[in-house]
1. Of all the accessible heavy-atom surface of the chain, with the other protein chains kept in place and a 1.4 Å probe, what percent is carbon and sulfur?
2. Charges at C-beta only: +1 for Lys and Arg, -1 for Asp and Glu. How large is the resulting dipole of segment 376-509 about its Cα centre, in Debye rounded to 20?
3. Is segment 40-136 rounded, prolate or oblate when judged by the Cα gyration tensor, a ≥ b ≥ c being the square roots of its eigenvalues, rounded requiring a/c under 1.5 and prolate requiring a/b larger than b/c?
4. With each label point set 7 Å from Cα along the Cα-Cβ vector, what nm distance links residue 16 and residue 319?
5. Where nothing but the Cβ of Lys and Arg (+1) and of Asp and Glu (-1) is charged, how large is the charge dipole of segment 296-423 around its Cα centre, in debye to the nearest 20?
6. Helix-only mean residue ellipticity at 222 nm, the chain, DSSP H runs n ≥ 4 weighted -39,500 (n - 2.57), per residue, nearest 500. What is it?
7. Toward the positive end of the charge dipole of the chain, about the Cα centre and with charges on Cβ (Lys, Arg +1; Asp, Glu -1), which of 359, 211, 246 goes farthest?
8. Sorting check: for 565-572, 359-366, which peptide has the highest mean count of neighbouring beta carbons within 10 Å, and how do the rest follow?
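The values are calculated or read from the model by the stated rules, or taken from the named source; none is laboratory data. Computed from a prediction, not measured in an experiment: that's the story for all the values here. Glycine gets a Cβ as well: all are built from the backbone with ideal geometry, and neighbour counts include every protein chain shown. Each accessible area value is taken on the protein alone, full model and side chains, heavy atoms only, with ligands, DNA and RNA left out. Shrake-Rupley method; radii C 1.70, N 1.55, O 1.52, S 1.80 Å.
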Amino acid sequence: MSRVTSWGRDLQSQLAAHRADPAGTPAPVPLPEYPRPQLARGSHVNLNGLWDYAITDSAEPPRRWDGEILVPFPPESALSGVERTVRPSDHLWYRRTLQIPRNFNVGRVWLHFGAVDQLCEIRVDGRLLARHQGGFLPFRVDVTGFADGAPHDLTLHVRDLTDTSWLSRGKQALKPGGIWYTPHSGIWQTVWLESVPETAVEGLVVTPDLAAGVLEVEVTTTAPTTVQVHLLPSWSPEGSGEAVVTASGVSVAGPRGEPVPTTAGHPTAGEAGAGGPVAGPSGRGVAGGNARAASSDPVAGDGSGWARTTLRLPIPDVRPWSPEDPHLYGLRVHAGADQVASYAAMRSVELASGEHGRPVLLLNGAPYFHAGVLDQGYWPESLVTPPSDASMEWDIAAMKDLGYTMLRKHIKIEPLRWYFHADRLGMLVWQDFVNGGRRYNRAVVQVPAVMTARIDDSSHALFGRQDEAGREDYWREAAETVALLRNSPSIVCWVPFNEGWGQFDAVRVAEAVRGWDPSRLIDHASGWHDQGAGDFLSPHIYFREVRPRPEWGADGRAVVLSEYGGYSHAIPGHEFSRREFGYRRFGSPGELTAAWERLHREQVVPAVDGGLAGFVYTQLSDVEDEMNGLVTADRTVVKVEAEVQRAVNAAVRAEFERVTGG
C-alpha cells in the first residue's frame, strides 16, 4: 500500500536528516510560501516547523510534553510525526518559542493561524490572548506587546469534538469508512507573523464590471486615510510594472464610529458564535483574504473606527479571464504608510436561456459548459493539509490537462494559495460551505440516493439542526467564507448545502448569500432536498441512468449533475486502505476506462441536448476507502486513460456548442 506522495516523501527525508544531525541540518519548514497572495505584504515570518506537543485528559497545562510535531500537519497524520487520534475528551497542546525582533514591528504585530480544528485558546507566557471556534477559517491574534526581541512562550490549547457536536466538521468522522474520513485536529494550515502600520489596509473587495470595462475596488482601512489603487497590466510575483490606471480617494469611517460592515449583513445571528467549550463572541471578518480577529483579543475590536472607500478603475482594452486565458491584472494599494499587493480579473458569470430553449451558464457573456470534478482535498500522508505548495498546483493542473474546466471544492476551505493557483492556472471553482449539525438521519441523507425524496428543511431536527447555537454558527461561518474568498475570480458558484448534511432554511441562506455576493451563482442544495431556490437543479445520480427529465429547466434554473459516477478500481500498491468503496467496482484499468467512456458517451453527452449545463464527476483522487478517483491517492497513476478523458470532454464541449449555438 502507498500512503505517501512524492512531496510528502521529500519532507520525511528532510526531517530524518535533521533528526540524524540536529546541529548540522535544519528542521524542515513545510509550506514556506507567502500564505495570502490575495493581500500580500513584505512583512512575513513563517512559524511552521517543529513544535512541542502533548495530548492529555485535563485542561491543566501539561507538566511533560510528549514530543515534537511538524506543524501544520494534524497529529492524526503521518507527516506530523505523531499519528494519534485526538478524541473529544482529549486536550491537545502545542508549544514553541515566540521571539519577535524589535525592528520587525512597524506598528502592530499579528499572529495568523490559517486554520485550527475545532476550539482553541492562545496564550503567551501563560496569559490568555484569544479564543477561537471553528476549524476551517483563518483568524489572527495581536501580539504587539511581545515584540521586544525577548523569547516568549507561545502555547495553544485545543479541543476537537469532531462529529459529536453541531460544530462544522467537513468529512471527518471518529469512525471513518466509506465516504467519511480520518479525523484531523489542531493546527492544519500555516502559522505566521505579520507586522502592519497602525493605519493599514484591513481588506479589499474587488468586483469586476466586465460590461462596463471597470474594476471596482473597495478598500477598508483601520483608520481614515488617503488611498491609492494602481492597476498593473498583468500580475507578477514581484508586483512590478507601470500602472495603466490609478485611482485615489480618502477612506471614511462609518457614522458616529459605527463598525464598517464587511458583509451585507447576517439574517439572524449577528456576530454571535456561541456554545463551544472555549467559545466566545466572534470578531468581525473582512473581505479580501484577511482573517478575522479571534475573540478576547483586546485590540481587534469589532471594526469600530475602520474606514472605507470605493474606487472605480476603467480598464482600456479589457482582457477577460477564462480557463482558456486566465489573465490576472496586478494591483498595488497604498493607504498611508501601508502598501499591499493583490490581483484581479475581469470576468462575469450569469444564468441565461440558450438557443436550445434551456437554461445555460454564461462566462463573459457566452455559453460555457462546466466540466467538473469533485475535489475532496485529502492527502494520504497529511489528510486535509497539502504536503506542499506544488501538490496543490499539481491537482489543479492535472485536471485541466485532462480537459476539465471546473473543480467543486467539496466540504472544505483550502489554504488561500490553493485559490491563487486556481486563479492563475485558470480553473473554475464551485465552493462548498462546510457542513455541521448533529448526527445525521440516514433516512434523510442516504435514502434519496436510491429513491426520490424531498423534505422541507424547516424541519430542523430531521436534518440534525435542532440547536439554535449551531444554526447561528453556520450563519457566521457562511458570511466569513464569502468574505474570505470572494476576491478569487476562479470561484463562480457558492454551494451552501450538500445532500442534506446539516441543511436548514436553504431558501433564506441562498437569499442571504445572494445579498452578500450578487456576482456569483448559487447551488443552494446540492444533491437532494431541493427547496426551489438558487440557480440550479442539482441532482446526484449514482444508482440510475442519467436521462433528461421533463422538469429540467422548466423553472428557469440550470441543470448541473453535481455528483455522479464514482467508479472504483483499486490499483495494487497504491491503495490507502484494504477496503474498497465505490458506486461500481471494476477489476482492471481497462474495464474502468471502458465503463467510464460508455457512461459519458451514452448518457452524459446525450443529456446536453436535454438541458445539462455542467457536471461534477466523483472524483479527483482516491481518498482512504474511496477508490473512485481519476488518479490514485499518491498522485502517481491516472486510472482512467488520459486520452480517453480528453476525447470525451472534447465531445461534451462540442455537443454543448452545437445545441447552444456557441
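1. Details: 11390 of 22990 Å².
Here it works out to 50 percent.
2. Rounded to the nearest 20 debye, it is 240 debye.
3. In terms of gyration-tensor shape, prolate.
4. Those two pseudo-labels are separated by 4.5 nm.
5. Working: 11 positive and 16 negative charges, 75 e Å.
Approximately 360 debye in magnitude.
6. After summing the helix terms and dividing by residue count, I get -5000 deg cm²/dmol.
7. Of 359, 211, 246, it is 359.
8. Answer by packing, highest mean first, reads 565-572, 359-366.
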